[in-house]
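Participant: I'd like to ask some things about the structure below.
The values are calculated or read from the model by the stated rules, or taken from the named source; none is laboratory data. The structure presented is a predicted model; accordingly, all values stated were derived computationally and were not measured. Virtual Cβ from ideal backbone geometry, glycine too; neighbours counted across all protein chains shown. These area figures cover heavy atoms from the full protein model, side chains too; ligands, DNA and RNA do not enter into them. Shrake-Rupley method; radii C 1.70, N 1.55, O 1.52, S 1.80 Å.
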Amino acid sequence: METSLARDLMTDEEWAFFEHFILAIRAAIGRKPANHRLVLDGIFWISRTGSPWRDLPEEFGKWSSVYRQFRRWTLAGLWEDILDALNQSRAVPDALQMVDSTVIRAHHQAAGGKRGTPEQGFGRSRGGFSTKIHLRVNAHGLPMRTEITPGQTSDYLGFDLVMADNLPEPKVLLADRGYDADRIRENMNERIIQPQIPMRKTRKMRVGVDHTLYRLRNMVERCFNKLKNARRVATRYDKTAESFLGFIDITSIRLWFRHLST
């Protein structure tokens, strides 16, 4: 296989990790399974390059077969199951966590989902036709939960999406002033989480932040930069919310694996 394709190929160690989850969700009946390792390599190639499915190199197999398997795994919740397992493993510290969001431009060909653009995470923001990614990361800057909404959605709603989960609770949560809301602070107090959120200038009652801790918030910004190295994440080409979120989760899982393997 060409060198340009080789960078997307999994190591034996990485494949052994993914294979465990793939076999767990595979139906016991039906056709004989395809070369799932090669299919997964093809999905990784699409994720990194941002190419249309029809441009998938033939070395990975028939593009339509790879696409169908991607959709099956995505709708079966494979990527979410893997992320949950990584978070529950407590392989990295999670007492300190961060939340943030970023707006992703949507390609014009991504429009036209059967259920309408809002339901598929499309909207209009300052960046134009877009989707917003909401992200929760741990102290090592590894994604814990990702969600998508239309581009104009407030960070308040995004906070509810990524924090209303069964993930390990933080002791300290870092966020920018876009998350400065009474109900968010009250929610954190009820959960015995110390919020480190700068206050808006309009607030009369001031609450300070620990600037030493707050400097660590750059971890979530760096995580976004790493996620956007995958062109299928940096620009939204997918019509359905499930597929786009699937590529975000796939990239997140690979960040975890690279961190743990080193």
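Participant: Return P(r) of region 138-262 (all Cα-Cα pairs; 5 Å bins starting at 0; whole %; ordered from short to long distances).
Facilitator: Each 5 Å bin holds this share of Cα pairs: 2, 9, 17, 21, 20, 15, 10, 4, 1, 0.
Participant: Past the 15 angstrom mark, what percentage of all C-alpha to C-alpha distances in region 36-96 do you count?
Facilitator: On the way: 1049 of 1830 pairs.
I get 57 percent for the Cα pairs in region 36-96 exceeding 15 Å.
Participant: Still on this structure: Under a Cβ-Cβ cut-off of 14 Å, what is the net charge of the residues other than Ser125 that fall near it, where Lys and Arg count +1 and Asp and Glu count -1?
Facilitator: Cβ neighbours under 14 Å give a net charge of +4.
Participant: Toward the positive end of the charge dipole of the chain, about the Cα centre and with charges on Cβ (Lys, Arg +1; Asp, Glu -1), which of Ile22, His107, Tyr67 goes farthest?
Facilitator: His107
Participant: Can you divide the C-alpha Rg of region 61-159 by 2.2 N^0.38 Å and report the result to two decimal places?
Facilitator: Scaled against compact globular proteins, the figure is 1.26.
Participant: Also, quick follow-up: Using only the Cα atoms, work out Rg/Rh for the chain, with Rh taken as the Kirkwood radius, to two decimals.
Facilitator: Value, to two decimals: 0.99.
Participant: In square nanometres, what is the average projected area of the Cα convex hull of region 149-219?
Facilitator: 5.6 nm²
Participant: Quick one: how many Å² of Leu78 are accessible to a 1.4 Å probe, rounded to 10?
Facilitator: We get 0 Å² for Leu78.
Participant: I would also like to ask the following. Around Arg200, with a cut-off of 15 angstrom between Cβ atoms, what is the net charge of the other residues, counting Lys and Arg +1 and Asp and Glu -1? Working shown, then result.
Facilitator: On the way: positive: Arg177, Arg183, Arg185, Lys201, Arg203, Lys204, Arg206; negative: Asp155, Asp176, Asp180, Asp182.
Charge balance in the 15 Å sphere: +3.
Participant: Any idea of the accessible area per residue across region 51-116, 1.4 Å probe, to the nearest Å²?
Facilitator: Accessible area per residue, region 51-116: 53 Å².
Participant: Stretched out fully, how many nm does the piece from Val92 to Arg183 gain, at 0.36 nm a residue minus the Cα gap?
Facilitator: 29.8 nm
Participant: Using the Karplus equation 6.51 cos²θ - 1.76 cosθ + 1.60 (θ = phi - 60°), what ³J(HN,Hα) coupling, rounded to whole Hz, does each residue of region 78-87 give in order, writing x for Gly and Pro?
Facilitator: Coupling constants for region 78-87: 4, 5, 5, 4, 5, 4, 4, 5, 5, 5 Hz.
Participant: Now for a separate question. Starting from the Cα-Cα distance between Glu119 and Lys62, subtract it from 0.36 nm times their residue separation and give me the gain in nm to one decimal.
Facilitator: 17.5 nm
Participant: What figure in square angstrom, to the nearest 10, would you give for the accessible area of His259 with a 1.4 Å probe?
Facilitator: In the full protein context, His259 sits at about 60 Å².
Participant: Could you derive backbone 3J(HN,Hα) for region 196-203 from the dihedral phi with the Karplus parameters 6.51, -1.76 and 1.60 (θ = phi - 60°), listing whole Hz in sequence and x where the residue is Gly or Pro?
Facilitator: 10, 10, x, 8, 5, 5, 7, 6
Participant: Computed FRET efficiency, Cβ-Cβ of Gln152 and His211, R0 30 Å: what is it to the nearest 0.05?
Facilitator: Here the calculated transfer efficiency is 0.45.
Participant: Output ³J(HN,Hα) for region 236-242: one whole-Hz value per residue in order, computed from phi by the Karplus curve 6.51 cos²θ - 1.76 cosθ + 1.60 with θ = phi - 60°, and x for Gly and Pro.
Facilitator: Those phi angles translate into 8, 10, 7, 6, 9, 4, 4 Hz.
Participant: May I pose another question? Could you give the dipole magnitude of the chain about its Cα centre, charging the beta-carbon of Lys and Arg +1 and that of Asp and Glu -1, in debye to the nearest 20?
Facilitator: Dipole of the chain, to the nearest 20 debye: 880 debye.
Participant: Kirkwood-based Rg over Rh for region 190-262 (C-alpha set), two decimals?
Facilitator: Radius of gyration over Kirkwood radius for region 190-262 works out to 1.13.
Participant: Taking R0 as 30 Å, what's the FRET efficiency between Glu190 and Arg126 from their Cβ-Cβ distance, rounded to 0.05?
Facilitator: 0.35
Participant: Okay, moving on. Cut-off 10 angstrom, C-alpha nodes, Gaussian network model of the chain. Which of Asp84, Asp165, Asp180 fluctuates the most?
Facilitator: Asp165
Participant: Is it possible to state the helix-based mean residue ellipticity at 222 nm for the chain, with each DSSP H run of 4+ residues giving -39500 (n - 2.57), the sum divided by total residues, to the nearest 500 deg cm²/dmol? What is it? Walk me through the intermediate numbers first.
Facilitator: Details: 11 runs with 113 residues, N = 262.
-13000 deg cm²/dmol, from helical runs alone.
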